[in-house]
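Please read the structure below before turning to the comments.
Read-outs throughout are calculated quantities, based only on the coordinates presented, and are distinct from any laboratory measurement. Please read all numbers here as calculations on a predicted model, not as lab measurements. Cβ: placed from backbone, ideal geometry, glycine included. Neighbour counts: every protein chain shown.
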Amino acid sequence: MNSRIRTLPAVVLLGALVAGVTACGDSSRDLPQADQAPPTTAPPAPATVPVEPPADPSAAPSPTGNPPTAAPATPAAPAPTAATAPPGASTARPQTSPPPVVLPPRPAAAPSARQVVAAFRAAGLKVSNVKDKSIDCGPDGLGLGCSELITTDAVRIYVFPDETSAGDIADTWSGASYRDGSVVLNYLGTSTPTAERARYDRVLADLR
């Protein structure tokens, strides 16, 4: 009986403590907790800023604050053109005359071609259509190396600077030529009969 009376206040005290703790737990639900972070919202997205292209370094700054304008392009220099002759001017190159042909001199003892022609005429032989073709003796013509040349319709008269040159040409025209010293008579291309040729040959042989 006495033991029950002593344990009764302890039970009552334990129940009071449990009730108090329960009341404190219920009241803590209404109070904000210190370590509980307030709700947050997502930050707004940054605004898109248009990106301007880099400025042209050659653009000149505008004093009025307007955007700089590009410097005008320098026009290309025109290509050089060939020089043109003034109106009326001749573009033809001046013609230069060829150098004169220097012929070897004939031997002093040999008759000239004109002397031979004069002797034919004196003998009554035909010497028509006489032409001086001495220019053909040089390198621009036949290049025979003769000193004088006169052609006629009946015979051609060559005078060479020496007998050796005359003999070489006479051998080339063998059968249609006659040589006396440095003078050669050539009948090639003529219509002079063989008997008539002998008369021309005799006149040349007698000419001294």
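Just a few scattered comments:
- Under the Debye formula (equal points on every Cα, no solvent term), log10 I(q)/I(0) of the stretch 104-208 at q = 0.17, 0.21 Å⁻¹: -0.70, -1.12
- In nm, spacing of pseudo-spin labels at residue 171 and residue 112 (7 Å Cα→C-beta vector): 3.1
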